[in-house]
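J.: My questions all concern the structure below.
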Amino acid sequence: MSKRFLSVMIVLVCLLSACTIGNAGAEKTAVTPKRSIVIAAVGDSLTKGVGDQEGKGYVGMVAEKLKSRSDVKSVTVKNYAVKGCRTDQLKKKLEEREVQEGLKDADYILLTIGGNDLMKVVRQNFAHLTLQPFRVEQKAFEERLADILTDIREQNGSAEIVYVGMYNPFTFTLSELREVDQVVGEWNEGAKGKLKNIPNAKMADIADIFEEYSDEKRIADDEFHPNQYGYSLIAERVYDQMTKEDFPQE
């Protein structure tokens with residue numbers, strides 16, 4: 001074998017090695033493009049953030065969690081929630097042009113609704129609280145919720161919808177109202193049934209957060225809405241639902 005041939009072979013091996021190393025380096029340094037995310041939020045006072053001293057609520061806290069990710073460029077929040085909103089009122093709210101435009105642009109749509117429908121029954125039947133009026137109203141609630149979810153999906157066919165379930169704020173303050181615990185469970189199950197009919201729609205269960213005894217208070221001074229800590233626990237549940245499939249674990 002001639003020295004010239006050996007020299008050529010050595011040069012070729014070196015060139016191939018350099019290419020392999022270069023490609024491996026390129027693979028290691030390849031960066032996934034960062035995402036710009038739009039969150040639209042609708043519903044009642046929980047989505048508004050009432051009770052949080054800083055006014056962020058679970059929506060603002062979820063946005064902060066997303067912003068802290070290395071694979072997220074920016075997060076824009078469009079919050080159309082209204083304190084005291086019931087399902088019938090949210091249906092009308094969804095007819096507003098501004099809300100419809102916000103929903104169309106969203107990557108994620110978050111909502112809470114139904115708590116004020118439930119509390120209306122409590123107020124109307126407080127002196128003689130039984131399960132019967134709740135179950136009558138539950139059917140109407142489920143029908144309106146189904147319409148709401150359909151309207152949202154019509155405005156945006158691809159965004160992930162996360163419905164935040166209901167909880168009983170009276171677990172410790174009015175423990176004698178035991179019917180409310182059962183009713184909340186039944187209404188949440190009804191909501192889950194309606195969500196199953198909507199593509200890419202999930203539910204974040206939060207009832208247990210406010211059923212567990214904790215040394216750290218989770219309800220605000222109004223004894224109804226979550227406080228800042230309560231909202232942080234809700235935000236964790238919502239964030240987990242949002243990132244379960246769409247984001248890699250960091």
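J.: Take the conditions within 15 Å of Ala41 (Cβ to Cβ) and open to solvent by 60 Å² or more (accessible area, probe 1.4 Å) and apply them to Glu101. Does it pass? Can you show your working first?
T.: Numbers: within 15 Å of Ala41 (Cβ to Cβ): yes; open to solvent by 60 Å² or more (accessible area, probe 1.4 Å): yes.
For Glu101, the condition - within 15 Å of Ala41 (Cβ to Cβ) and open to solvent by 60 Å² or more (accessible area, probe 1.4 Å) - is met.
J.: Which numbered condition trips up Val72, out of (1) more than 15 Å from Ala235 (Cα to Cα); (2) touching a Gly at 6+ places or on another chain (Cβ under 9 Å); (3) among the aliphatic types (A, V, I, L, M)?
T.: Evaluating Val72 over (1) more than 15 Å from Ala235 (Cα to Cα); (2) touching a Gly at 6+ places or on another chain (Cβ under 9 Å); (3) among the aliphatic types (A, V, I, L, M) leaves (2) as the failure.
J.: Please tell me if Glu54 is over 26 Å from Asn188 (Cβ atoms), acidic (Asp, Glu) and modelled with pLDDT of 95 or more. Lay out the reasoning, then the answer.
T.: On the way: over 26 Å from Asn188 (Cβ atoms): yes; acidic (Asp, Glu): yes; modelled with pLDDT of 95 or more: no.
Judged against the criteria, Glu54 is not a match.
J.: Follow-up. Working only within the range 51-81, note down all residues that are touching an Asp or Glu at 6+ places or on another chain (Cβ under 7 Å) and not hydroxyl-bearing (Ser, Thr, Tyr).
T.: Step one: list which residues in the range 51-81 are touching an Asp or Glu at 6+ places or on another chain (Cβ under 7 Å), which gives 51, 69-70, 81.
Scanning the range 51-81 gives Gly51, Arg69, Ala81.
J.: Scan the range 121-128 and tell me whether some residue there is open to solvent by less than 30 Å² (accessible area, probe 1.4 Å), closer than 26 Å to Arg237 by Cα and in contact with a helix residue (DSSP H, G or I) (Cβ under 7 Å, 6 or more places away or on another chain). First the steps, then the outcome.
T.: At the first step, the residues of the range 121-128 found to be open to solvent by less than 30 Å² (accessible area, probe 1.4 Å) are 121-122.
Subset that is closer than 26 Å to Arg237 by Cα: none.
No, there is no match, as no residue in the range 121-128 is open to solvent by less than 30 Å² (accessible area, probe 1.4 Å), closer than 26 Å to Arg237 by Cα and in contact with a helix residue (DSSP H, G or I) (Cβ under 7 Å, 6 or more places away or on another chain).
J.: When residues of the range 201-232 are filtered for being of a type outside the set (Asp, Glu), surrounded by 14 or more Cβ atoms within 10 Å (Cβ to Cβ) and in a loop (DSSP other than H, G, I, E, B), how many remain? Explain how you work it out, then say what you get.
T.: Within the range 201-232, the subset of a type outside the set (Asp, Glu) is 201-204, 206-207, 209-210, 213-214, 217-220, 224-232.
The next check asks that each one be surrounded by 14 or more Cβ atoms within 10 Å (Cβ to Cβ); those that pass are 201-204, 206-207, 209-210, 218-220, 224-232.
From what is left, the residues that are in a loop (DSSP other than H, G, I, E, B) are 206, 218, 220, 224-225, 227.
The qualifying residues number 6.
J.: Let me ask something else about it. Restricting the first residue to the range 221-236 and requiring it to be among the β-branched types (Val, Ile, Thr), which pairs with a second residue that is open to solvent by less than 50 Å² (accessible area, probe 1.4 Å) meet a Cβ separation below 7 Å and a spacing of at least six or different chains?
T.: Within 7 Å, the pairs are Ile234/Tyr58; Ile234/Val164; Ile234/Ile206; Ile234/Ile209; Ile234/Pro226.
J.: Restricting to the range 90-108, give me the number of residues that are outside any strand (DSSP E or B), touching a residue at least 40 places away in the same chain (Cβ under 8 Å) and either closer than 15 Å to Leu145 by Cα or not small (Gly, Ala, Ser) (or both).
T.: Quick first cut of the range 90-108, residues outside any strand (DSSP E or B) only: 90-107.
Keeping just the survivors that are touching a residue at least 40 places away in the same chain (Cβ under 8 Å) gives 90-91, 93-94, 99-100, 102-107.
Now drop any that are not either closer than 15 Å to Leu145 by Cα or not small (Gly, Ala, Ser) (or both), which leaves 90-91, 93-94, 99-100, 103-105, 107.
Final tally of qualifying residues: 10.
J.: For the range 44-79, give me the residue count where each residue is in contact (Cβ under 8 Å) with a residue 12 or more places away in the chain and either open to solvent by 30 Å² or more (accessible area, probe 1.4 Å) or charged (D, E, K, R) (or both). Show your work before the answer.
T.: Taking the range 44-79 and keeping what is in contact (Cβ under 8 Å) with a residue 12 or more places away in the chain, we get 44-54, 56-63, 65-66, 69-79.
Checking the rest, the ones that are also either open to solvent by 30 Å² or more (accessible area, probe 1.4 Å) or charged (D, E, K, R) (or both) come to 44, 48, 50, 52-54, 56, 65, 69-71, 73-74, 76-79.
Total meeting the criteria: 17.
J.: Right, here's the next one. Could you check the range 147-164 and list, in sequence order, the residues that are surrounded by fewer than 21 Cβ atoms within 10 Å (Cβ to Cβ) and either in contact with a Cys (Cβ under 6 Å, 6 or more places away or on another chain) or among the hydroxyl-bearing types (Ser, Thr, Tyr) (or both)?
T.: Thr150, Ser158, listed by residue number.
J.: Within the group Val82, Val42, Val75, which residue is part of a loop (DSSP other than H, G, I, E, B) and not small (Gly, Ala, Ser)? Walk me through it before giving the result.
T.: Working: Val42 fails: part of a loop (DSSP other than H, G, I, E, B); Val75 fails: part of a loop (DSSP other than H, G, I, E, B).
After ruling out the rest, the residue left standing is Val82.
J.: Let me ask something additional. Taking the residues in the range 107-120 that are aliphatic (A, V, I, L, M) and open to solvent by less than 10 Å² (accessible area, probe 1.4 Å) as candidates, determine which candidate is farthest from Thr47 (Cα to Cα).
T.: Going residue by residue through the range 107-120, those that are aliphatic (A, V, I, L, M) are 109-111, 113, 118-119.
Subsequent filtering for residues that are open to solvent by less than 10 Å² (accessible area, probe 1.4 Å) retains 109-111, 113, 118.
Numbers: Ile109: 11, Leu110: 8, Leu111: 6, Ile113: 9, Leu118: 17 Å.
If we take residues in the range 107-120 being aliphatic (A, V, I, L, M) and open to solvent by less than 10 Å² (accessible area, probe 1.4 Å), then Leu118 is farthest from Thr47 (Cα to Cα).
J.: I would also like to ask the following. State whether one or more residues within the range 87-98 are on the phi < 0 side of the Ramachandran plot, at pLDDT below 90, more than 18 Å from the chain's Cα centre (by Cα) and loosely packed, with under 10 Cβ neighbours inside 10 Å.
T.: Narrowing the range 87-98 to residues on the phi < 0 side of the Ramachandran plot: 87-98.
Narrowing the set further to residues that are at pLDDT below 90 leaves none.
Taking every residue of the range 87-98 in turn, none turns out to be on the phi < 0 side of the Ramachandran plot, at pLDDT below 90, more than 18 Å from the chain's Cα centre (by Cα) and loosely packed, with under 10 Cβ neighbours inside 10 Å.
J.: On to the next question. Across the range 143-185, what is the number of residues that are at pLDDT below 95 and outside any loop (DSSP other than H, G, I, E, B)?
T.: Total satisfying the criteria: 8.
J.: Going by the conditions given, is Leu111 modelled with pLDDT of 90 or more, assigned to a helix (DSSP H, G or I), under 16 Å from Cys85 (Cβ atoms) and of a type outside the set (Asp, Glu)? Break it down stepwise before answering.
T.: Working: modelled with pLDDT of 90 or more: yes; assigned to a helix (DSSP H, G or I): no; under 16 Å from Cys85 (Cβ atoms): yes; of a type outside the set (Asp, Glu): yes.
No: the conditions fail for Leu111.
The values are calculated or read from the model by the stated rules, or taken from the named source; none is laboratory data. Here the structure is a predicted model, which is why all the values come from computation and not from measurement. Note: ideal-geometry Cβ built from the backbone for every residue, glycine included; neighbour counts use all protein chains shown. Ligands, DNA and RNA are excluded from the accessible area calculation, which covers all protein heavy atoms including side chains. Shrake-Rupley method; radii C 1.70, N 1.55, O 1.52, S 1.80 Å.
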